[in-house]
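Chemist: Submitted below is the structure of interest, expressed as structure tokens.
The values are calculated or read from the model by the stated rules, or taken from the named source; none is laboratory data. Fair warning: this is a prediction, and the values are worked out from it, not measured in the lab. Cβ sites come from the backbone with ideal geometry, for glycine too, and all protein chains shown count toward neighbours.
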Amino acid sequence: MASKHETISQPYATLGRMAKQRQMKTQTRQGNLAAMQQLEQRTDEQLLSESKYRSAARAILGARAAERYDAKAARTYYNEAMAGAHPQERPALRQMMKASLALAERRPDELRDAVTKLGQTPPSNRQLMLLRIMSLVAPPPNASKAIKARGYALILLLVIVLLAVGYGLAELFALPFGGISFTWALPVGMLIVLAVLGVLALVGRRRQKRAAASRARS
């Protein structure tokens, strides 16, 4: 027969086990989102095969798809992340999904609001302006035919303007040497424009790498 002391201590031992189990569950739930930081350095293939923190891996894949402006893939990954997440994690994942889809679908105002609600620094005015320009020249796939036609027209206009600028620069550079014919000025102008665009793309990639490295250190 159990002693009086053992009988009294049994309920407290049971409560202690229950409290410990709740604590372990809470740590696991928090770990799924906290694991994002350590999973960010993995490749897409490694994230797809992640099983322990599947929700976090799918959320990262969704964010990467949004950076490629692939709204359909981003939505699919986030839905998979929320389906396997704990109820306590879903509000944060849902807010992350809103921010990512706003980026993928070129909605700068909604992107700024969603990022702010996540407690992060919102995109700069320059970044938002570039996103607005992109929404005009490269609208999302679900845009209407009229909006897509407007985007094609703007791209054509942009190409004509760039060619005109390149032609003008070629003529300007050739003035000290007696000028240049139209037959040569046009291809030289195209090369100048391509060189300038290449330099800008290289500078932009380096800035993105520095920003990614800074985020990883923080």
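Chemist: Hey, any hits in the stretch 168-175 for a residue that's over 29 Å from GLU67 (Cα atoms), of a type in the set (D, E, K, R) and part of a helix (DSSP H, G or I)? Step through it out loud before you land on a result.
Modeler: Looking only at the stretch 168-175, we keep the residues that are over 29 Å from GLU67 (Cα atoms), and these are 168-175.
Of the ones still in play, those that are also of a type in the set (D, E, K, R) are 171.
From the residues that got through so far, the ones that are part of a helix (DSSP H, G or I) too are 171.
There is at least one residue in the stretch 168-175 that is over 29 Å from GLU67 (Cα atoms), of a type in the set (D, E, K, R) and part of a helix (DSSP H, G or I).
Chemist: Of the conditions (1) of a type outside the set (Asp, Glu); (2) under 21 Å from TYR53 (Cβ atoms); (3) in contact (Cβ under 8 Å) with a residue 24 or more places away in the chain, LEU101 fails just one. Which one is it?
Modeler: With respect to (1) of a type outside the set (Asp, Glu); (2) under 21 Å from TYR53 (Cβ atoms); (3) in contact (Cβ under 8 Å) with a residue 24 or more places away in the chain, LEU101 is out only on (2).
Chemist: In the stretch 44-64, which residue that is part of a loop (DSSP other than H, G, I, E, B) and among the charged types (D, E, K, R) is surrounded by the most Cβ atoms within 10 Å (Cβ to Cβ)? Lay out the reasoning, then the answer.
Modeler: Quick first cut of the stretch 44-64, residues part of a loop (DSSP other than H, G, I, E, B) only: 49-53.
Okay, now just the ones that are also among the charged types (D, E, K, R), so 50, 52.
Working: GLU50: 17, LYS52: 11.
Among those residues, the one meeting the criterion is GLU50.
Chemist: Among the residues of the stretch 71-105, what is the count of those that are assigned to a loop (DSSP other than H, G, I, E, B) and surrounded by 21 or more Cβ atoms within 10 Å (Cβ to Cβ)? Please lay out each step first, then the result.
Modeler: Initial filter on the stretch 71-105 (assigned to a loop (DSSP other than H, G, I, E, B)): 84-89, 105.
Among the residues that remain, those that are also surrounded by 21 or more Cβ atoms within 10 Å (Cβ to Cβ) are: 85.
Of the residues in that region, 1 qualify.
Chemist: Do the conditions hold for PRO140, that is, is it out of contact with any Gly (no Cβ under 7 Å at 6 or more places or on another chain), of a type outside the set (Ser, Thr, Tyr), in contact (Cβ under 8 Å) with a residue 60 or more places away in the chain and farther than 29 Å from ILE192 by Cβ? Talk me through it step by step, then tell me what you get.
Modeler: Values: out of contact with any Gly (no Cβ under 7 Å at 6 or more places or on another chain): yes; of a type outside the set (Ser, Thr, Tyr): yes; in contact (Cβ under 8 Å) with a residue 60 or more places away in the chain: yes; farther than 29 Å from ILE192 by Cβ: yes.
Here the answer is yes, as PRO140 does meet what is asked.
Chemist: Within 23 Å of SER135 (Cβ to Cβ) and over 13 Å from the mean Cα position of the chain (by Cα): which single residue out of GLU105, GLU80, GLU110 fits that description? Explain how you work it out, then say what you get.
Modeler: Values: GLU105 fails: over 13 Å from the mean Cα position of the chain (by Cα); GLU80 fails: within 23 Å of SER135 (Cβ to Cβ).
Step by step, each of GLU105, GLU80, GLU110 is checked, and only GLU110 is within 23 Å of SER135 (Cβ to Cβ) and over 13 Å from the mean Cα position of the chain (by Cα).
Chemist: Okay, moving on. Would you say LEU48 is under 15 Å from the mean Cα position of the chain (by Cα), at pLDDT 85 or above and not hydroxyl-bearing (Ser, Thr, Tyr)? Even if it seems obvious, please write down each step before you answer.
Modeler: On the way: under 15 Å from the mean Cα position of the chain (by Cα): no; at pLDDT 85 or above: yes; not hydroxyl-bearing (Ser, Thr, Tyr): yes.
Against the criterion (under 15 Å from the mean Cα position of the chain (by Cα), at pLDDT 85 or above and not hydroxyl-bearing (Ser, Thr, Tyr)), LEU48 does not qualify.
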